[in-house]
Amino acid sequence: MNHTKYAKGYYMPPEIRLDWLRKDAPEKAPIWCSVDLRDGNQALIIPMSLDEKLAFFDLLVRVGFKEIEVGFPAASETEYEFLRRLVEDNLIPDDVTVQVLTQAREHIIRRTFDALRGVKNAIVHVYNPTSAAQREQVFGRSKEEILQIAVDGAQLLKRLTEEAGADYRFEYSPESFTGTEPEYALEVCNAVLDVWQPTPDRKAIINLPSTVQMSMSHVYGMQISYVNERLKYRDSVVLSLHPHNDRGCGVADAELGLLAGADRVEGTLFGNGERTGNVDIITVAMNMFALGVDPNLDFSDLPHLVEVYEKVTRMQVNPRQPYAGSLVFAAFSGSHQDAIAKGMKHWDENKPKHWSLPYLYIDPKDVGRTYDGDVIRINSQSGRGGVSYIMEQQYGISMPKKMREDFSYRVKSVSDNGHRELLPDEIYKVFTDTYVNVGFPFELSDFHLKKQPDGTRTGDVHLKVDGEERTYEARGNGRLDAISNALQENLGLRYTNLTYSEHALEIGQTSRAISYISITGEDGKVYWGAGTDTDIITSSILALFSAINRMKAGH
């Protein structure tokens with residue numbers, strides 16, 4: 001790898017101002033323009049069919065896009081027919097503007113205008129490359145000649161629009177802006193604006209694309225700032241960004257470009273596009289949302305967006321894609337799970353004004369995700385906090401603190417041995433199989449106890465020992481103590497430090513109770529058991545049997 005073959009392919013502005021960097025967030029959302037149906041579509045291995053494009057257009061409208069680039073109508077019959085279908089089936093809402101891309105060639109522009117017949121609101125987007133590399137290597141033309149191409153295209157677009165009796169808005173892009181000298185790009189854009197003579201009532205769009213990312217993002221921001229401060233007709237111009245992602249910095253380019261004065265962002269859902277893709281509008285918009293700025297786009301059901309997107313584009317959303325990936329809210333680490341569980345409890349109990357949970361940048365519910373299935377995920381790296389959260393939230397089981405630790409080790413062992421994540425139902429099964437109503441070798445059949453004048457309880461306990469019926473006399477300070485004494489006296493069992501707790505099962509089984517018991521065996525180990533029954537006393541005795549049976553088995 002010879003790094004010396006590479007040099008900076010970008011140009012710093014001749015004058016630099018950095019006051020725009022004092023801002024810490026955009027004050028409001030930009031105008032968003034989706035280019036999924038054009039820029040995104042042309043980057044697909046199999047471009048979308050007409051019906052798929054219609055489905056995607058409908059999705060973009062539902063999300064709230066007011067400007068949508070629908071294609072390059074002169075490029076193919078499918079592109080042309082798609083726009084005509086939108087028009088003829090009246091599928092374009094009155095508050096949505098469709099954008100079309102065209103080269104500055106008369107027959108192509110005329111074909112584009114044919115496709116636009118009947119459209120109420122349209123933007124015609126014309127472009128030509130301006131970078132030093134394109135001028136020298138592709139066109140072999142001077143700066144003056146390249147500028148004239150842009151001016152001729154702007155004049156042609158204006159003349160044909162007037163001939164068509166249309167009121168289309170215009171957009172110009174100095175393609176490969178990031179490889180163009182900023183002062184020259186400014187000169188070209190101002191020359192185009194002189195042709196169009198935009199007004200506040202009919203603004204022109206100057207789009208400065210990071211066609212290929214060539215610099216760190218602050219340099220792109222400085223390039224945008226330079227042009228922003230020197231554009232003619234500034235109050236009649238919408239300054240637009242179109243960042244690509246060659247350096248993996250598309251989102252950073254967009255955010256710094258907005259701070260530097262841009263009004264508009266062109267991009268795609270999930271960052272689809274040529275090479276490494278376009279800027280991901282979802283990430284930029286949700287980053288604003290997380291800073292308390294309304295993005296004016298509705299991403300409250302990202303799982304549905306992922307489903308439609310993957311279906312029509314045949315692309316896959318990365319599991320770690322910000323906000324939308326299947327694993328972006330998932331916590332497998334025990335310490336993370338514990339902090340999240342405690343944070344959620346604090347949130348529920350205190351209801352603070354602003355979100356600030358550990359490890360969760362935003363509330364997953366805001367984008368259509370759930371805590372149980374998306375946040376706390378259990379594998380061999382998980383701890384008692386996450387396991388306990390799943391058991392309590394989904395099954396109403398709130399184990400004693402020490403039992404949580406014992407249970408978490410068992411869950412981690414199952415996950416580790418299977419080399420996989422465990423789903424909630426599998427975790428619940430580990431719990432019931434391990435602790436609940438364990439009936440061998442000692443199985444409770446029945447018990448009858450009466451309270452004596454001195455407060456003690458006496459009676460009989462009926463049980464099976466290895467399947468054989470037995471009955472023992474029981475006496476103790478309470479029911480549980482009486483039966484515990486009977487078992488130790490008659491079965492040769494020895495244990496100490498019996499602890500007990502119980503609660504009602506509040507989720508799905510409101511008529512049942514669950515009890516937890518721990519005992520310390522002669523080997524010094526602590527054994528836990530649990531029992532469930534409609535009667536709280538019976539559940540406690542079943543929990544005792546479970547603990548004793550686990551001790552007997554050495555579990």
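The values are calculated or read from the model by the stated rules, or taken from the named source; none is laboratory data. In this text, all values refer to a predicted model and were calculated from it rather than measured experimentally. All Cβ positions, even for glycine, are placed from backbone atoms using ideal geometry, and neighbour counts span all protein chains on display. Calculation scope for accessible area: heavy atoms of the full protein, side chains included, ligands and nucleic acids excluded. Shrake-Rupley method; radii C 1.70, N 1.55, O 1.52, S 1.80 Å.
Things to note:
- Residue count, the stretch 383-423 (criterion: among the small types (Gly, Ala, Ser) and modelled with pLDDT under 85): 3
- Any pair with Cβ under 9 angstrom, 6 or more apart, that starts in the stretch 246-272 at a residue that is over 25 Å from Leu37 (Cβ atoms) and ends at one that is surrounded by fewer than 21 Cβ atoms within 10 Å (Cβ to Cβ) and of a type in the set (Asp, Glu): Leu259/Asp24; Gly261/Glu229
- Where Arg62 falls short, out of the listed (1) in contact with a Lys or Arg (Cβ under 7 Å, 6 or more places away or on another chain); (2) open to solvent by 40 Å² or more (accessible area, probe 1.4 Å): (1)
- Output for the stretch 464-491, where each listed residue is under 55 Å from the mean Cα position of the chain (by Cα) and in contact (Cβ under 8 Å) with a residue 40 or more places away in the chain: Arg479, Leu480, Ile483, Ser484
- Val430 vs. criteria open to solvent by less than 40 Å² (accessible area, probe 1.4 Å), assigned to a loop (DSSP other than H, G, I, E, B) and at pLDDT 90 or above: no
- Failed condition for Ala504, given (1) closer than 19 Å to Asn549 by Cβ; (2) loosely packed, with under 15 Cβ neighbours inside 10 Å: (1)
- Residue within the stretch 514-524 that is more than 28 Å from Gly396 (Cβ to Cβ), in a strand (DSSP E or B), aliphatic (A, V, I, L, M) and open to solvent by less than 70 Å² (accessible area, probe 1.4 Å) present: no
- Residue list for the stretch 286-337, filter: in contact with a Pro (Cβ under 7 Å, 6 or more places away or on another chain), open to solvent by 30 Å² or more (accessible area, probe 1.4 Å) and either modelled with pLDDT of 95 or more or among the acidic types (Asp, Glu) (or both): Phe289
- Qualifying residue in the stretch 440-454 (condition: over 23 Å from Gly386 (Cβ atoms), charged (D, E, K, R), in contact with a Lys or Arg (Cβ under 6 Å, 6 or more places away or on another chain) and modelled with pLDDT of 95 or more): yes
- Of all the listed residues (Ala482, Ala530, Ala486, Ala474), the sole one being more than 28 Å from Tyr428 (Cβ to Cβ), open to solvent by less than 20 Å² (accessible area, probe 1.4 Å) and not in a helix (DSSP H, G or I) is Ala474.
A quick yes/no check of all residues on (1) assigned to a strand (DSSP E or B); (2) open to solvent by 60 Å² or more (accessible area, probe 1.4 Å); (3) within 16 Å of His242 (Cα to Cα):
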position	(1), (2), (3)
Tyr184	no, no, no
Glu187	no, yes, no
Ala191	no, no, no
Val212	no, no, yes
Tyr220	no, no, yes
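- Selection status of Gly459, open to solvent by 30 Å² or more (accessible area, probe 1.4 Å) and over 53 Å from the mean Cα position of the chain (by Cα): no
- Scan of the stretch 519-529 for residues that are out of contact with any Leu (no Cβ under 8 Å at 6 or more places or on another chain) and in contact (Cβ under 8 Å) with a residue 40 or more places away in the chain, ordered by number: Val526, Trp528
- A count restricted to the stretch 115-138 and to residues that are under 24 Å from Leu60 (Cα atoms) and not aliphatic (A, V, I, L, M) stands at 5.
- All of (1) over 24 Å from Gly248 (Cα atoms); (2) hydrophobic (A, V, I, L, M, F, W, C); (3) open to solvent by 50 Å² or more (accessible area, probe 1.4 Å) hold for Met216 with one exception: (1).
Quick grid of which residues meet (1) under 35 Å from the mean Cα position of the chain (by Cα); (2) of a type in the set (D, E, K, R):
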| site | (1), (2) |
| --- | --- |
| Val138 | no, no |
| Leu156 | no, no |
| Thr161 | no, no |
| Val188 | no, no |
| Asp194 | no, yes |
| Gln197 | no, no |
| Leu208 | yes, no |
| Gly221 | yes, no |
| Glu229 | no, yes |
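- Take the conditions (1) hydrophobic (A, V, I, L, M, F, W, C); (2) under 13 Å from Gln337 (Cβ atoms); (3) not in a helix (DSSP H, G or I); Val438 misses just one of them, which is (2).
- Residues within the stretch 1-54 that are outside any loop (DSSP other than H, G, I, E, B), β-branched (Val, Ile, Thr) and open to solvent by 90 Å² or more (accessible area, probe 1.4 Å), tallied: 1
- Looking only at residues in the stretch 169-182 that are in contact with a helix residue (DSSP H, G or I) (Cβ under 8 Å, 6 or more places away or on another chain) and surrounded by fewer than 22 Cβ atoms within 10 Å (Cβ to Cβ), the one that is nearest to Val126 (Cα to Cα) is Glu175.
- Each residue in the stretch 492-516 was checked for being modelled with pLDDT of 95 or more and under 15 Å from Phe431 (Cβ atoms), and 3 of them qualify.
- Restricting the stretch 199-208 to residues that are touching a strand residue (DSSP E or B) at 6+ places or on another chain (Cβ under 8 Å) and open to solvent by 10 Å² or more (accessible area, probe 1.4 Å) leaves a set whose member that is farthest from Trp20 (Cα to Cα) is Arg202.
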